[in-house]
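Below is one structure, written out as C-alpha cells, with a few remarks after it.
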Amino acid sequence: WMTTLNSLRLVLGTRLDVDEELPDLAPDDPRASAYAVYEYLGWLLSQVVDALDRDLPPAPPDAGV
C-alpha cells in the first residue's frame with residue numbers, strides 16, 4: 001500500500017509541478033480537485049505509516065547514533 005500510494009502521489013505531484021509550497025487555489029480552479037487528491041494521498045500515506053509504526057518494536061537506546 002505504501003509503495004502504491006507514494007507512487008500515485010509522486011506522479012500526481014509531478015503532473016501538478018508541486019514544490020514545497022502548495023498554492024492557495026479557489027474552489028472553482030480546474031486544478032483544485034487534483035490538489036485535493038494529492039493532499040488526500042499524502043494523508044493516506046501518513047495513516048499507513050502510523051499504522052505500521054504501532055507494530056514496530058521500540059528502537060534500542062543507541063539507535064540514533
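The values are calculated or read from the model by the stated rules, or taken from the named source; none is laboratory data. As the structure is a computational prediction, the values presented were derived from the model and not from experiment. Cβ sites come from the backbone with ideal geometry, for glycine too, and all protein chains shown count toward neighbours. Remember, those area values only see protein heavy atoms, side chains included, never the ligands or the DNA or RNA. Shrake-Rupley method; radii C 1.70, N 1.55, O 1.52, S 1.80 Å.
Computed across the chain, the Kirkwood radius stands at 13.9 Å (inverse of mean 1/r, all Cα pairs). When GLU21, GLU39 are compared by accessible surface with a 1.4 Å probe, the order from highest to lowest is GLU21, GLU39.
In order along segment 14-31, phi translates into HN-Hα couplings of 5, 5, 8, 6, 6, 10, 5, 9, 6, x, 8, 9, 6, x, 8, 5, x, 8 Hz, rounded to whole numbers, per the Karplus curve 6.51 cos²θ - 1.76 cosθ + 1.60 with θ = phi - 60° and x for Gly and Pro. A dipole drawn for the chain from +1 and -1 charges on Cβ atoms has a positive end, and of ALA34, VAL48, PRO60 the residue lying farthest that way is VAL48. Take the chain with all the other protein chains still there, run a 1.4 Å probe, and you get 85 Å² of accessible area per residue.
If you roll a 1.4 Å probe over the chain with all protein chains in place, what percent of the accessible area is carbon or sulfur?
Working: 3150 of 5510 Å².
So the carbon and sulfur contribution to the accessible surface is 57 percent.
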